[in-house]
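Trainee: Let me give you the structure first, and then I'll get to my questions.
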Amino acid sequence: MGDLFHRLSNEVRDIVGDDRSADVGYFDDTSRPSENWKADVSEVLRRADVFVALYSPRYFIRSVPLRERAAYLHELSGREQALRLLPVLWVPWEAWNHQEEHAASLTLGAGIKEYKANGLRALCRLAAYESQYSEVLRRLARRIVDIAGAAGPRPSTPVVIDDVEVPESSFSGMRLTVVVLAPSDPPSRWRPFGNRLRLPPAELAAIHGERLGMVPRVADAQIEFGPLAEGAVLVLVDPRIAESPQGRTTLDSVAARLPDWAVVVVVADGEDPRYRKRAHELSRIVNDKLGGTQRQVRRILDADQLGKRMPTVVDDTRKVYLSTAPVFLPKGALPRLPRIADDHGPAHEEDIDG
(Lines give C-alpha, C1' and ligand atoms only; values in the text may rest on other atoms or scores of the structure.)
Protein backbone atom coordinates (compact mmCIF):
# COMPACT_ATOMS: atom_id res chain seq x y z
CA MET A 1 0.00 0.00 0.00
CA GLY A 2 2.88 2.34 0.73
CA ASP A 3 4.32 1.87 -2.75
CA LEU A 4 0.90 2.48 -4.28
CA PHE A 5 0.41 5.67 -2.29
CA HIS A 6 3.78 7.18 -3.19
CA ARG A 7 3.57 6.35 -6.89
CA LEU A 8 -0.05 7.49 -7.06
CA SER A 9 0.86 10.76 -5.34
CA ASN A 10 3.56 11.39 -7.93
CA GLU A 11 1.12 10.66 -10.77
CA VAL A 12 -1.36 13.17 -9.33
CA ARG A 13 1.37 15.80 -8.92
CA ASP A 14 2.44 15.32 -12.54
CA ILE A 15 -1.12 15.94 -13.73
CA VAL A 16 -1.80 19.03 -11.62
CA GLY A 17 1.73 20.38 -11.85
CA ASP A 18 2.46 20.44 -8.13
CA ASP A 19 5.89 20.36 -6.59
CA ARG A 20 7.15 16.90 -5.65
CA SER A 21 7.27 17.90 -1.97
CA ALA A 22 3.58 18.88 -1.88
CA ASP A 23 1.14 16.63 -0.05
CA VAL A 24 -1.66 15.54 -2.35
CA GLY A 25 -3.19 12.84 -0.20
CA TYR A 26 -3.14 10.85 3.02
CA PHE A 27 -2.27 7.18 3.51
CA ASP A 28 -3.94 5.53 6.48
CA ASP A 29 -1.17 3.16 7.54
CA THR A 30 -3.16 1.07 10.01
CA SER A 31 -0.06 -0.94 10.94
CA ARG A 32 1.49 2.20 12.46
CA PRO A 33 -1.37 4.41 13.64
CA SER A 34 -0.73 7.68 15.44
CA GLU A 35 -1.38 8.09 19.15
CA ASN A 36 -4.56 10.03 18.41
CA TRP A 37 -5.45 8.33 15.16
CA LYS A 38 -9.21 8.85 15.37
CA ALA A 39 -8.88 12.62 15.61
CA ASP A 40 -6.20 12.68 12.90
CA VAL A 41 -8.19 10.54 10.47
CA SER A 42 -11.40 12.46 11.20
CA GLU A 43 -9.69 15.71 10.23
CA VAL A 44 -8.19 14.19 7.06
CA LEU A 45 -11.57 12.77 6.02
CA ARG A 46 -13.21 16.16 6.56
CA ARG A 47 -10.80 17.77 4.07
CA ALA A 48 -10.48 14.95 1.54
CA ASP A 49 -12.03 15.62 -1.88
CA VAL A 50 -11.84 11.95 -2.92
CA PHE A 51 -11.98 8.76 -0.86
CA VAL A 52 -10.04 5.88 -2.44
CA ALA A 53 -11.15 2.54 -0.98
CA LEU A 54 -8.89 -0.48 -1.50
CA TYR A 55 -11.44 -3.29 -1.45
CA SER A 56 -10.51 -6.81 -0.41
CA PRO A 57 -12.22 -9.62 1.54
CA ARG A 58 -10.70 -8.31 4.78
CA TYR A 59 -11.93 -4.79 4.07
CA PHE A 60 -15.49 -5.91 4.68
CA ILE A 61 -14.83 -7.64 8.02
CA ARG A 62 -12.57 -4.99 9.57
CA SER A 63 -14.23 -2.30 11.63
CA VAL A 64 -11.58 0.40 11.02
CA PRO A 65 -11.85 0.78 7.21
CA LEU A 66 -15.63 0.31 7.29
CA ARG A 67 -15.92 3.00 9.97
CA GLU A 68 -13.69 5.39 8.02
CA ARG A 69 -15.73 4.92 4.86
CA ALA A 70 -19.02 5.34 6.72
CA ALA A 71 -17.74 8.48 8.47
CA TYR A 72 -16.60 10.05 5.18
CA LEU A 73 -19.93 9.37 3.46
CA HIS A 74 -22.14 10.09 6.48
CA GLU A 75 -23.16 13.71 5.80
CA LEU A 76 -22.87 13.61 2.01
CA SER A 77 -25.81 13.44 -0.37
CA GLY A 78 -26.31 10.38 -2.53
CA ARG A 79 -24.83 12.15 -5.54
CA GLU A 80 -21.82 13.31 -3.52
CA GLN A 81 -21.28 9.79 -2.21
CA ALA A 82 -21.36 8.25 -5.68
CA LEU A 83 -19.03 10.92 -7.02
CA ARG A 84 -16.38 11.09 -4.31
CA LEU A 85 -16.03 7.38 -3.46
CA LEU A 86 -13.48 5.77 -5.77
CA PRO A 87 -13.30 1.97 -5.28
CA VAL A 88 -10.26 -0.11 -6.23
CA LEU A 89 -10.03 -3.90 -6.48
CA TRP A 90 -7.08 -4.52 -4.17
CA VAL A 91 -7.62 -8.27 -3.64
CA PRO A 92 -10.31 -10.19 -5.58
CA TRP A 93 -13.21 -11.95 -3.87
CA GLU A 94 -16.33 -13.87 -4.89
CA ALA A 95 -18.60 -11.77 -7.11
CA TRP A 96 -21.71 -12.72 -5.09
CA ASN A 97 -20.30 -11.08 -1.95
CA HIS A 98 -20.87 -7.31 -1.85
CA GLN A 99 -21.92 -7.36 -5.49
CA GLU A 100 -22.30 -3.58 -5.80
CA GLU A 101 -18.82 -2.85 -4.45
CA HIS A 102 -17.34 -5.66 -6.54
CA ALA A 103 -18.81 -4.31 -9.76
CA ALA A 104 -17.80 -0.73 -8.95
CA SER A 105 -14.19 -1.71 -8.24
CA LEU A 106 -13.83 -3.37 -11.65
CA THR A 107 -14.54 -0.25 -13.71
CA LEU A 108 -11.07 1.14 -13.03
CA GLY A 109 -9.44 -1.81 -14.81
CA ALA A 110 -11.73 -2.05 -17.85
CA GLY A 111 -9.88 -3.93 -20.56
CA ILE A 112 -7.09 -5.04 -18.20
CA LYS A 113 -7.84 -8.70 -17.49
CA GLU A 114 -4.92 -9.03 -15.08
CA TYR A 115 -6.49 -6.41 -12.82
CA LYS A 116 -9.81 -8.27 -12.65
CA ALA A 117 -8.17 -11.65 -12.10
CA ASN A 118 -5.51 -10.66 -9.57
CA GLY A 119 -6.32 -7.24 -8.13
CA LEU A 120 -4.05 -4.22 -7.85
CA ARG A 121 -1.98 -5.66 -5.00
CA ALA A 122 -0.67 -8.45 -7.23
CA LEU A 123 0.02 -6.01 -10.05
CA CYS A 124 2.00 -3.90 -7.59
CA ARG A 125 4.05 -6.83 -6.27
CA LEU A 126 4.89 -8.72 -9.45
CA ALA A 127 7.33 -7.26 -11.97
CA ALA A 128 5.62 -9.14 -14.80
CA TYR A 129 2.61 -6.84 -14.36
CA GLU A 130 4.52 -3.55 -14.30
CA SER A 131 2.93 -2.19 -17.47
CA GLN A 132 -0.59 -3.04 -16.29
CA TYR A 133 0.17 -1.60 -12.86
CA SER A 134 1.41 1.67 -14.36
CA GLU A 135 -1.69 1.92 -16.56
CA VAL A 136 -4.06 1.42 -13.63
CA LEU A 137 -2.11 4.01 -11.61
CA ARG A 138 -2.43 6.55 -14.42
CA ARG A 139 -6.18 5.93 -14.67
CA LEU A 140 -6.59 6.18 -10.91
CA ALA A 141 -4.65 9.46 -10.74
CA ARG A 142 -6.63 10.93 -13.64
CA ARG A 143 -9.94 9.97 -12.00
CA ILE A 144 -8.88 11.54 -8.72
CA VAL A 145 -8.01 14.81 -10.44
CA ASP A 146 -11.17 14.76 -12.57
CA ILE A 147 -13.41 14.08 -9.56
CA ALA A 148 -11.77 16.79 -7.49
CA GLY A 149 -12.13 19.25 -10.37
CA ALA A 150 -15.74 18.39 -11.15
CA ALA A 151 -16.99 18.11 -7.57
CA GLY A 152 -14.91 20.86 -6.01
CA PRO A 153 -13.87 20.87 -2.36
CA ARG A 154 -15.71 18.47 -0.08
CA PRO A 155 -18.61 20.12 1.80
CA SER A 156 -17.30 21.30 5.16
CA THR A 157 -19.40 18.88 7.19
CA PRO A 158 -17.84 17.49 10.37
CA VAL A 159 -16.49 13.96 10.36
CA VAL A 160 -16.31 12.10 13.68
CA ILE A 161 -15.47 8.42 13.40
CA ASP A 162 -17.10 7.51 16.72
CA ASP A 163 -20.42 9.04 15.62
CA VAL A 164 -21.13 6.43 12.93
CA GLU A 165 -22.16 2.82 13.25
CA VAL A 166 -20.06 0.16 11.58
CA PRO A 167 -22.13 -1.60 8.91
CA GLU A 168 -22.91 -5.24 9.70
CA SER A 169 -20.65 -7.48 7.66
CA SER A 170 -22.32 -9.95 5.32
CA PHE A 171 -19.13 -11.90 4.76
CA SER A 172 -19.25 -15.41 6.14
CA GLY A 173 -16.70 -16.20 8.83
CA MET A 174 -16.34 -17.03 12.48
CA ARG A 175 -18.06 -14.47 14.69
CA LEU A 176 -16.11 -12.98 17.60
CA THR A 177 -18.27 -11.30 20.22
CA VAL A 178 -16.38 -9.10 22.67
CA VAL A 179 -18.57 -8.51 25.72
CA VAL A 180 -17.55 -5.63 27.98
CA LEU A 181 -18.74 -5.66 31.61
CA ALA A 182 -17.75 -2.31 33.06
CA PRO A 183 -19.37 0.63 34.86
CA SER A 184 -18.51 2.94 31.94
CA ASP A 185 -20.81 3.61 29.00
CA PRO A 186 -20.63 2.86 26.12
CA PRO A 187 -18.64 -0.36 26.59
CA SER A 188 -16.56 0.18 23.46
CA ARG A 189 -14.93 3.24 25.07
CA TRP A 190 -14.02 1.61 28.40
CA ARG A 191 -10.39 2.53 29.12
CA PRO A 192 -9.12 1.04 32.41
CA PHE A 193 -5.62 2.41 31.79
CA GLY A 194 -6.63 5.86 30.57
CA ASN A 195 -4.45 7.11 27.72
CA ARG A 196 -1.60 4.73 28.54
CA LEU A 197 -3.11 2.29 26.07
CA ARG A 198 -3.61 3.61 22.53
CA LEU A 199 -6.92 1.81 22.00
CA PRO A 200 -9.71 0.66 24.33
CA PRO A 201 -9.36 -3.05 25.20
CA ALA A 202 -12.54 -3.98 23.31
CA GLU A 203 -11.35 -2.30 20.13
CA LEU A 204 -7.92 -3.87 20.50
CA ALA A 205 -9.52 -7.31 20.77
CA ALA A 206 -11.70 -6.64 17.72
CA ILE A 207 -8.70 -5.63 15.61
CA HIS A 208 -6.79 -8.80 16.53
CA GLY A 209 -9.91 -10.84 15.77
CA GLU A 210 -10.05 -9.28 12.31
CA ARG A 211 -6.43 -10.22 11.72
CA LEU A 212 -7.35 -13.83 12.44
CA GLY A 213 -10.16 -13.68 9.87
CA MET A 214 -13.00 -13.41 12.38
CA VAL A 215 -15.95 -11.03 12.17
CA PRO A 216 -15.93 -9.03 15.43
CA ARG A 217 -18.60 -7.09 17.26
CA VAL A 218 -18.51 -5.32 20.65
CA ALA A 219 -21.47 -5.79 23.00
CA ASP A 220 -22.51 -5.05 26.57
CA ALA A 221 -24.37 -7.03 29.23
CA GLN A 222 -27.66 -6.73 27.34
CA ILE A 223 -26.67 -9.17 24.60
CA GLU A 224 -28.88 -12.25 24.44
CA PHE A 225 -27.76 -15.87 24.55
CA GLY A 226 -28.68 -16.47 20.90
CA PRO A 227 -26.09 -14.04 19.49
CA LEU A 228 -23.57 -15.29 22.08
CA ALA A 229 -23.89 -18.82 20.74
CA GLU A 230 -23.05 -17.77 17.19
CA GLY A 231 -19.27 -17.87 17.56
CA ALA A 232 -16.26 -17.25 19.79
CA VAL A 233 -16.95 -15.16 22.91
CA LEU A 234 -14.45 -13.03 24.83
CA VAL A 235 -15.67 -11.35 28.04
CA LEU A 236 -13.64 -8.39 29.31
CA VAL A 237 -14.49 -7.47 32.91
CA ASP A 238 -13.74 -4.36 34.91
CA PRO A 239 -13.73 -5.79 38.47
CA ARG A 240 -15.17 -2.54 39.83
CA ILE A 241 -18.51 -3.67 38.43
CA ALA A 242 -18.69 -6.05 41.40
CA GLU A 243 -18.64 -3.16 43.88
CA SER A 244 -22.37 -2.41 43.54
CA PRO A 245 -25.44 -4.65 43.97
CA GLN A 246 -26.57 -3.68 40.46
CA GLY A 247 -23.20 -4.69 39.04
CA ARG A 248 -23.30 -8.06 40.80
CA THR A 249 -26.80 -8.63 39.41
CA THR A 250 -25.40 -7.89 35.96
CA LEU A 251 -22.68 -10.48 36.46
CA ASP A 252 -25.30 -13.06 37.49
CA SER A 253 -27.39 -12.26 34.43
CA VAL A 254 -24.45 -12.63 32.05
CA ALA A 255 -23.22 -15.81 33.76
CA ALA A 256 -26.57 -17.46 33.08
CA ARG A 257 -26.19 -16.75 29.35
CA LEU A 258 -22.51 -17.48 28.78
CA PRO A 259 -21.74 -20.50 26.58
CA ASP A 260 -19.18 -23.02 27.83
CA TRP A 261 -16.60 -21.80 25.34
CA ALA A 262 -16.55 -18.17 26.54
CA VAL A 263 -13.18 -16.85 27.70
CA VAL A 264 -13.26 -14.38 30.62
CA VAL A 265 -10.48 -11.86 31.30
CA VAL A 266 -10.43 -9.37 34.19
CA VAL A 267 -8.69 -6.16 33.12
CA ALA A 268 -7.73 -3.61 35.78
CA ASP A 269 -5.02 -1.09 36.59
CA GLY A 270 -2.90 -2.87 39.17
CA GLU A 271 -1.35 0.45 40.19
CA ASP A 272 -4.71 2.03 41.06
CA PRO A 273 -4.93 2.27 44.89
CA ARG A 274 -8.72 1.99 44.75
CA TYR A 275 -8.45 -1.36 43.01
CA ARG A 276 -5.52 -2.67 45.04
CA LYS A 277 -7.43 -2.08 48.26
CA ARG A 278 -10.23 -4.45 47.25
CA ALA A 279 -8.49 -6.51 44.56
CA HIS A 280 -8.82 -9.86 46.34
CA GLU A 281 -12.49 -9.36 47.21
CA LEU A 282 -13.51 -8.14 43.74
CA SER A 283 -11.57 -10.92 42.01
CA ARG A 284 -13.27 -13.52 44.20
CA ILE A 285 -16.73 -12.19 43.27
CA VAL A 286 -15.95 -12.23 39.55
CA ASN A 287 -14.44 -15.71 39.80
CA ASP A 288 -17.44 -17.05 41.70
CA LYS A 289 -19.92 -15.64 39.19
CA LEU A 290 -18.17 -16.09 35.85
CA GLY A 291 -15.59 -18.81 36.54
CA GLY A 292 -16.09 -22.49 37.18
CA THR A 293 -14.58 -25.92 36.82
CA GLN A 294 -14.38 -25.56 33.02
CA ARG A 295 -13.53 -21.86 32.87
CA GLN A 296 -10.61 -20.12 34.54
CA VAL A 297 -10.86 -16.35 34.82
CA ARG A 298 -7.67 -14.68 33.63
CA ARG A 299 -6.31 -11.37 34.92
CA ILE A 300 -4.32 -8.63 33.20
CA LEU A 301 -3.28 -5.77 35.46
CA ASP A 302 -0.83 -3.79 33.34
CA ALA A 303 -1.30 -1.72 30.17
CA ASP A 304 1.84 -3.00 28.42
CA GLN A 305 0.95 -6.54 29.38
CA LEU A 306 -2.52 -6.14 27.87
CA GLY A 307 -1.08 -4.89 24.60
CA LYS A 308 1.33 -7.83 24.40
CA ARG A 309 -1.09 -10.55 25.51
CA MET A 310 -4.22 -9.53 23.62
CA PRO A 311 -3.25 -11.36 20.38
CA THR A 312 -2.75 -14.57 22.38
CA VAL A 313 -6.00 -14.06 24.30
CA VAL A 314 -7.99 -13.62 21.09
CA ASP A 315 -6.31 -16.62 19.46
CA ASP A 316 -7.05 -18.74 22.56
CA THR A 317 -10.69 -17.59 22.40
CA ARG A 318 -10.88 -18.83 18.84
CA LYS A 319 -9.26 -22.18 19.74
CA VAL A 320 -11.55 -22.75 22.73
CA TYR A 321 -14.57 -22.16 20.53
CA LEU A 322 -13.34 -24.57 17.87
CA SER A 323 -12.60 -27.30 20.43
CA THR A 324 -15.63 -26.82 22.70
CA ALA A 325 -18.58 -25.49 20.74
CA PRO A 326 -21.09 -28.13 19.59
CA VAL A 327 -21.29 -29.06 15.93
CA PHE A 328 -24.83 -29.02 14.53
CA LEU A 329 -25.44 -31.31 11.56
CA PRO A 330 -28.07 -30.14 9.07
CA LYS A 331 -31.47 -31.77 9.36
CA GLY A 332 -32.85 -33.82 6.53
CA ALA A 333 -32.30 -37.00 4.61
CA LEU A 334 -28.82 -38.19 3.74
CA PRO A 335 -28.10 -40.92 1.19
CA ARG A 336 -26.87 -44.19 2.65
CA LEU A 337 -23.20 -44.69 1.97
CA PRO A 338 -22.54 -47.39 -0.65
CA ARG A 339 -21.11 -50.69 0.58
CA ILE A 340 -18.65 -52.98 -1.13
CA ALA A 341 -21.34 -55.68 -1.55
CA ASP A 342 -23.83 -53.18 -2.93
CA ASP A 343 -23.18 -53.02 -6.68
CA HIS A 344 -26.05 -50.64 -7.29
CA GLY A 345 -25.12 -48.01 -4.71
CA PRO A 346 -27.55 -46.71 -2.12
CA ALA A 347 -31.05 -48.09 -2.48
CA HIS A 348 -32.82 -45.73 -0.08
CA GLU A 349 -32.38 -42.67 2.14
CA GLU A 350 -32.04 -42.58 5.88
CA ASP A 351 -33.23 -39.70 7.99
CA ILE A 352 -30.42 -38.56 10.29
CA ASP A 353 -33.01 -37.66 12.93
CA GLY A 354 -34.33 -41.21 12.95
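The values are calculated or read from the model by the stated rules, or taken from the named source; none is laboratory data. All figures in this text were calculated on a predicted structure; none of them were measured in a lab. In this analysis, Cβ positions are derived from the backbone assuming ideal geometry, glycine residues included, and neighbour counts consider all displayed protein chains. Calculation scope for accessible area: heavy atoms of the full protein, side chains included, ligands and nucleic acids excluded. Shrake-Rupley method; radii C 1.70, N 1.55, O 1.52, S 1.80 Å.
Trainee: For the chain, which longest stretch is free of loop sites, where a loop site is one of the GluC sites (Glu not before Pro) that DSSP puts outside H, G, I, E and B and that has at most 13 other Cβ atoms within 10 Å?
Mentor: Longest gap between qualifying sites, sites excluded: 272-354.
Trainee: Then there's this: Can you tell me the orientation of helix 63-73 relative to the chain, as the angle in degrees between its alpha-carbon axis and the longest Cα principal axis, to the nearest 10?
Mentor: So the inclination is approximately 50 degrees.
Trainee: Next question, about the same structure. Roll a 1.4 Å probe over the protein heavy atoms and report the accessible area of residue 6 in Å², nearest 10.
Mentor: 110
Trainee: In terms of modelled amide H atoms, which long-range or inter-chain residues lie less than 5 Å from the amide H of residue 235?
Mentor: Those lying under 5 Å, H to H, from residue 235 are 179, 263, 264, 265.
Trainee: Under a crude label model (7 Å from the Cα following the beta-carbon direction), how far is residue 91 from residue 252 in nanometres?
Mentor: 4.7
Trainee: At 1.4 Å probe size, with no ligands or nucleic acids counted, give the accessible surface of residue 220 in Å², nearest ten.
Mentor: Ignoring ligands and nucleic acids, residue 220 comes out at about 60 Å².
Trainee: Right, next: Just the number, please: Stokes-Einstein D of the chain in µm²/s, Kirkwood Rh from C-alpha pairs, 10 °C, 1.306 mPa s.
Mentor: Estimated diffusion coefficient is 67 µm²/s.
Trainee: Oh, and also: Put 238, 40, 163 in order of accessible area, largest first, 1.4 Å probe: what do you get?
Mentor: Reading off the accessible areas and sorting them downward yields 163, 40, 238.
Trainee: Given the -39500 (n - 2.57) contribution per DSSP H run of 4+ residues, what per-residue ellipticity at 222 nm results for the chain, rounded to the nearest 500 deg cm²/dmol?
Mentor: -13500 deg cm²/dmol
Trainee: Give me a comma-separated list of calculated 3J(HN,Hα) values for the range 93-99, in order, Karplus coefficients 6.51, -1.76, 1.60 applied at θ = phi - 60°, integers in Hz, x for any Gly or Pro.
Mentor: The phi angles translate into 8, 4, 5, 7, 8, 6, 4 Hz.
Trainee: Quick one: ranking 27, 51 by accessible area, 1.4 Å probe, largest first, what do you get?
Mentor: Largest accessible area first, the list is 27, 51.
Trainee: While we're on this one: Hey, what angle do you get for helix 2-16 against the long axis of the chain, alpha-carbon based, 0 to 90 degrees rounded to 10?
Mentor: 30
Trainee: Any idea what angle helix 37-47 forms with the longest principal axis of the chain, computed on alpha-carbon atoms, 0 to 90 degrees, nearest 10?
Mentor: On a 0 to 90 degree scale, this one is about 30.
Trainee: Quick one: if the Förster radius is 45 Å, what FRET efficiency do residue 244 and residue 6 give, using the C-beta to C-beta distance and rounding to 0.05?
Mentor: In this case the efficiency is close to 0.25.
Trainee: Using a 1.4 angstrom probe on the protein heavy atoms only, line up 143, 274 by accessible area, largest first.
Mentor: 274, 143
Trainee: Tell me the label-point distance for the pair residue 224, residue 107, using the 7 Å Cα-to-Cβ offset, in nm and rounded to one decimal.
Mentor: Inter-label distance under the simple model: 4.0 nm.
Trainee: If you don't mind, there's one more thing I want to ask. Roughly how many nanometres apart are two label points built 7 Å out from the Cα toward the Cβ at residue 81 and residue 58?
Mentor: Placing both labels 7 Å beyond Cα along the Cβ direction yields 2.7 nm.
Trainee: For a quick check: with amide H placed at 1.01 Å from N, whose amide H comes under 5 Å from residue 53's, ignoring anything fewer than 5 positions away on the same chain?
Mentor: Placed amide hydrogens put 86, 88 under 5 Å from residue 53.
Trainee: Continuing with the same structure: Would you mind working out the magnitude of the charge dipole of the range 30-146 relative to its Cα centre, with +1 at each Lys and Arg C-beta and -1 at each Asp and Glu C-beta, to the nearest 20 Debye?
Mentor: About 140 debye.
Trainee: Could you derive backbone 3J(HN,Hα) for the range 143-148 from the dihedral phi with the Karplus parameters 6.51, -1.76 and 1.60 (θ = phi - 60°), listing whole Hz in sequence and x where the residue is Gly or Pro?
Mentor: 5, 4, 5, 5, 5, 4
Trainee: Can you classify the range 162-272 as rounded, prolate or oblate using the Cα gyration tensor, where a ≥ b ≥ c are the square roots of its eigenvalues, rounded means a/c under 1.5, and otherwise it's prolate if a/b beats b/c and oblate if not?
Mentor: oblate
Trainee: Send over a whole-number figure in Å² for the accessible area per residue of the chain, probe 1.4 Å.
Mentor: 55
Trainee: Another question, if that's okay. Let me know the shape class of the range 1-147, please: from the alpha-carbon gyration tensor, a ≥ b ≥ c as square roots of the eigenvalues, rounded when a/c is under 1.5, otherwise prolate if a/b is greater than b/c, or oblate.
Mentor: Cα axes put the range 1-147 in the rounded bin.
Trainee: How many percent of the accessible area of the chain is carbon or sulfur, using a 1.4 Å probe?
Mentor: 50
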